[in-house]
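Below is one structure, written out as structure tokens; comments come after it.
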Amino acid sequence: MSLDSFLHDLLYDIDKTKPPDRVVDWADGPLPYKLYRGLPAVPLPDNVPLKLTEDMKPKKLPDLQSLGHFLWYSCGLAQFSYCIMPDKEVERIVLPMYRRFAPSGGALYPNECYLYLKLEGLPTGVYHYDTAHHRLVLLREGCFDNYLMQALGHPCDIKECFAVVFVSAMFWKNFFKYHSFSYRLQGLDAGAMMGQLLETAKRFGYDAGVCFRFMDRAINHLLGLSEQEESVYAAIPMTVEPTVSWFIPSGICANEGEEVVDAEALCRELPPLLHEHYIRSNRVHPYPLLLKMNEAVMLNTMEASLASSFGSKGSLSLGEEGAILLPSLERMFYDFADVSRRRYCPDTDFVLSSVSQYELAILLKETTDSFVYRNDLDCDRGHSLPRVSLYVCTHQIEGLPDGAYSYDGGKHALRQVRSGDQRLWIQQGRTSDNVNVLQVPLCFHVAGDSSHYTAELGYRGFRIQQMEAGMLVQRLLLAASALGWGGHPLLGYDTQLCDAIYRMPEKGLCSLIQIPVGAYRPSPRLTAGLHG
């Protein structure tokens, strides 16, 4: 199968990415976290704060305690529960489920967190965040500032950063259930985790920037990752120094007069790592399409700059017919820790209730305003138009006719694309019955360029687009939680039908993910928090 066909099937023909006769071997499934063996580990304090507000802490170099708090709210284990799975041979299988603050398809969490750390009282080097034990595992000791400056393309002065966070994807962790469709989930899940991480960083006063473009093999080599099992998807330098310059024009490639270094040359600077890790599965089946795609997206140098400036298509003009200005309001102020703990993905728990136009305005503004972030695609162009945007089908919104709408965050306005209640169409397009869309007042769709920016970024554009969609979804879920609502990210839907509802093909767009949002009844479940 060609990679172009694979990308098409990931969005429009999901069944082709999964064998029709596949049987999920739950008993031999991998752990939802990676465990290293025989390496020095640093326990992190478990007395995490139960209240976090924006910039509640002064901008200062973190100690081990605040770093541990940051990591726990970013990607730590938050809750424990049991899940009952049907099985053909036995009546049922009871599986333990460990929940985190960001959602993941099937709660499988294919993404891992690594850090390059330079903190007082901690050996400088590369660490893995051991989610299961809330600790740091030392993988490689030493100062790698110059190595990372070259491998990341000089995004900023790494010497002024106290950490660089790396988000990776372990291919088998969700391939065992979703087969090749897991490639789409790995990008979305990475984005949701990054969205949570960036929002957490704001509460600790950390400045961060996201690097989507880097020398993949050089970064994987630094961390000691086997590219047959795992690969880094994004790097996030973090600092508390206000004078640091981010993504200046020379930051896309080597500085003027500096020799361009390729990934192979960088890898020769460091010896390989051969650490042992445990995933539990006894049988790991091959995933050739994932490896082929991972190979196709890799960058060997940072010499080439981006082809052109790019942003979202089909931006809204207030002069367009049907444009509706939403109520003007300030950003929400909420306890981030409480909202993160209360975030919930309802299934059959949605309860239809009316929503005011003011509440919808708050939800949309908070989602899009919080989505603004530094990255190496926008570079020095300031706050460019977002590459992913929100569309929504509404029902029973006070002062707003039922219909399908596009949202312009810059102008805080909606434009009606299609009138009338669209919920029945959306429900008919669902490929599973775990959510009744007729019970929700808001059904969002994240839209992105249907070409996935392959002209500018190659096949890497699809992966980046999925990550940005996941980042936006996590902001939407947090804003919904702050309003007392739930949201459930879904991929089991008819993409062509949803594209047609919003007339997306006319703008060169496609829908990337579906998120019903609304009130829900309390779920009959036992929930235990895993904080100290």
Problem - Sulfur and carbon atoms: percent of accessible area, the chain [1.4 Å] - result: 51
Completion exercise
the chain accessible area per residue, 1.4 Å probe, protein heavy atoms, integer Å², reads 40
Problem - Simple spin-label estimate for Q428 and E241 in nanometres, 7 Å along Cα-Cβ - result: 6.0
Problem - Rule-of-thumb Rg ratio for region 410-532 [Cα; 2.2 N^0.38 Å; N residues] - result: 1.19
Problem - Point-to-point label distance, D28-Q65, nm (Cα→Cβ direction, 7 Å offset) - result: 4.7
Problem - 21 Å Cα-Cα threshold exceeded, pairs from K173/K202; K34/K118; K18/K173 - result: K173/K202; K34/K118
Fill in the blank from the handout: Classified through the alpha carbon gyration tensor (a ≥ b ≥ c as square roots of its eigenvalues; rounded if a/c is under 1.5, else prolate when a/b is larger than b/c, else oblate), region 162-224 comes out oblate
Problem - Qualifying aspartates and glutamates (Cα of each under 19 Å from Cα of K16; at least 8 residues distant if same chain) - result: D4, D494
Fill in the blank from the handout: Heads up, the chain by the C-alpha gyration tensor (a ≥ b ≥ c square roots of eigenvalues; a/c under 1.5 rounded, else a/b over b/c prolate, else oblate) looks rounded
Practice task
Take the Cβ-Cβ distance between R503 and E330 as r, set R0 to 25 Å, and report the resulting FRET efficiency rounded to the nearest 0.05.
Solution key: 0.15
Exercise for the section: State the extension gain, in nm to one decimal, for the chain segment bounded by R37 and D13, taking 0.36 nm per residue of separation less the distance between their alpha-carbons. Expected result: 4.6 nm
Exercise for the section: Round to the nearest 10 and report in Å² the accessible area of H285, as given by a 1.4 Å probe over the protein chains' heavy atoms. Expected result: 100
Completion exercise
Label model pair C143, A265: point-to-point distance (7 angstrom along the Cα→beta-carbon line) in nm is 2.3
Completion exercise
Taking 0.36 nm per residue of separation between D46 and S5 and subtracting their Cα-Cα distance, the length gained on full extension comes to 10.1 nm
Exercise for the section: Can you work out the PRE-style zone for A107? Point 7 Å along Cα to Cβ, and I want the residues of region 344-359 with backbone N under 16 Å. Expected result: 344-349
Fill in the blank from the handout: Taking 0.36 nm per residue of separation between A455 and A296 and subtracting their Cα-Cα distance, the length gained on full extension comes to 55.8 nm
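The values are calculated or read from the model by the stated rules, or taken from the named source; none is laboratory data. The structure presented is a predicted model; accordingly, all values stated were derived computationally and were not measured. Neighbour counts are summed over all protein chains in view; Cβ atoms, including those assigned to glycine, are modelled from backbone coordinates with ideal geometry. These accessible areas exclude ligands, DNA and RNA; they are computed on the full protein's heavy atoms, side chains included. Shrake-Rupley method; radii C 1.70, N 1.55, O 1.52, S 1.80 Å.
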